[in-house]
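Asks: This structure is in C-alpha cells; I'll ask about it shortly.
Since every read-out is calculated from the coordinates, none of them should be taken as a lab result. Note that this is a predicted model, so its numbers are computed, not measured. Cβ sites come from the backbone with ideal geometry, for glycine too, and all protein chains shown count toward neighbours.
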Amino acid sequence: MKRLFPERPTYKKERRTVGFPILAAFLLLFLCRLFGDKLPWKLPPLVLTLLLELLVFLLPLLVYVIAKKQPNGVSLRLKMPRAAHLPLLLSAFFTLFCGCLLLSILCGGTDSLGNSFTAFEDAATPDPLLMLAAVGVLAILPAIVEELFFRGLLLAEYERRGVVRALIISTLLFAFIHFDLSNLPVYLFSGFLLSLVLYATDSLFATMLLHALYNTLSLFGQRYLNALYEFTGNVQIFLFIMILVFLIALLFFCRGATKIYASRDRREIKEPRRNVPRVIQFYTLLDAACDPCLILSLAITIAGFILLS
C-alpha cells in the first residue's frame, strides 16, 4: 500500500464547517422536490422557483457567511471581469453550449437536442412581462445564486489547501445537486468548465454572466436549434457542425487561459493555492470526502436519483 499511496504528511487539520451549508442545500432541495406537489397551497411556477432558489442556495450561504464571518468579498472574487477577458468568455460560452449539447445527445439521444431546453421552452409565454419574469427567475437568478454557492463559497473554502480539491468537490456537488442521473455528465462538464473560467478570470461575475447567457439561450433557443437540425437534414452533419464548433471554441479557450496564466507568471503574481504540495492536496481531499455532511449529501443524492428521476 505504501507504493500506491504516499506517506501522509504532517499538516494542521481543518474544521469541517463548510459541510453544513452543503448538507442544508441538498436536504432542502430534496425535500422541496419530493413534497413540493403535496403542499396544501398552490403557487405559480415562477414564484415557486424563485422561493426555491433563494431558500436552497442563498439562505444557507448567508447563514454560513454571517456565522463564520468568512469568506469575504476578496476570496469570493466579487469583481468584474476585464475587457481583455471577453475573447476568453466568448470561447468559453461556445464550449459550454456545444459541449453540454453533445453530452446531452450522447446521454439521451438526438431526440433530446439539449439538456434543459424543453423545460425552459415550456415556460415560454407570448406576454413580454411574463417572459421577462421568466428570464429573471429561470435564467439570471439561478446563475447568480448557484455561482455564489458553488464557484463562490465552496471554491473559496476548499481551495485553502489547493485548487485540485476545490475543483473536484465543487464540480461533483454541482452535478449531484441537480438529482438528474441521466444528464450527470452534462452537469459535471459545465461545473468543471465554469470553475476553470473562474480561475482564469479571477471574477465570479464572469461565471455568473456565462451561466446566465447559457440559461437564457436555453430559454429561447429550442426553436432555433430545431431549425438548424432540420436545415442540415442529416444527424451526422448536425453533429459534425456541433463537434467542430466545440473543438474550435475549446482550442481558443485553452489558448486564452494559457496566455492569462503566463502573463501572471511574468508579472510574478503569487497564487498560494497553486503551490500546495500534491501529497497534501491528496490527503486533504480524502479528509474532505470523510466529512459526515458530505457523506449524508451523497446519500441524499442517491435517494434523489432513485425517487426523483
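Asks: What residue among Cys254, Gly304, Thr95 has its Cα farthest toward the positive end of the dipole of the stretch 87-307, where the charges are +1 on Lys, Arg and -1 on Asp, Glu, each on the Cβ?
Replies: It is Cys254.
Asks: Within 10 Å of each residue's Cβ, count the other Cβ atoms and sort Met242, Met208 from fewest upward. List each step's numbers first, then the result.
Replies: Numbers: Met242 19, Met208 23.
If I rank by nearby Cβ atoms, fewest first, I get Met242, Met208.
Asks: Moving on to the next point. In nm, to one decimal, how far is the Arg15 label point from the Lys259 one, both placed 7 Å along Cα→Cβ?
Replies: 4.4 nm
Asks: So what J values fall out for the stretch 199-210 if you push phi through Karplus, 6.51 cos²θ - 1.76 cosθ + 1.60 with θ = phi - 60°, rounded to Hz, Gly and Pro as x?
Replies: 5, 6, 8, 6, 9, 5, 5, 5, 5, 4, 4, 4
Asks: A further question follows. What's the center-to-center distance, using Cα atoms, between the stretch 179-255 and the stretch 128-172 in Å?
Replies: If we compute the Cα centre of each part, the gap is 16 Å.
Asks: Looking at the square roots a ≥ b ≥ c of the eigenvalues of the Cα gyration tensor of the stretch 87-307, which shape do they give, rounded for a/c under 1.5, prolate if a/b is larger than b/c, or oblate?
Replies: Taking the square roots of the gyration eigenvalues as a ≥ b ≥ c, the stretch 87-307 is prolate.
Asks: Top mean-square fluctuation among Phe189, Phe174, Phe238, Gaussian network model of the chain, C-alpha springs under 10 Å?
Replies: Phe238
Asks: Could you list Asp127, Asp291 so that the one with the fewest beta carbons within 10 Å of its beta carbon is first and the one with the most is last?
Replies: Values: Asp127 9, Asp291 19.
Least to most surrounded, the residues fall as Asp127, Asp291.
Asks: So for the pair Leu244, Leu188, with labels modelled 7 Å out along Cα→Cβ, what separation do we get in nm?
Replies: 2.9 nm
Asks: Test of understanding: extend the Cα→C-beta vector of Cys107 to 7 Å, then name every residue of the stretch 139-182 with backbone N under 14 Å from that spot.
Replies: 172-182
Asks: Then there's this: Which value in nm describes the separation of the simple spin-label points at Val63 and Asp202, placed 7 Å from the Cα toward the beta carbon?
Replies: Modelled inter-label distance: 3.4 nm.
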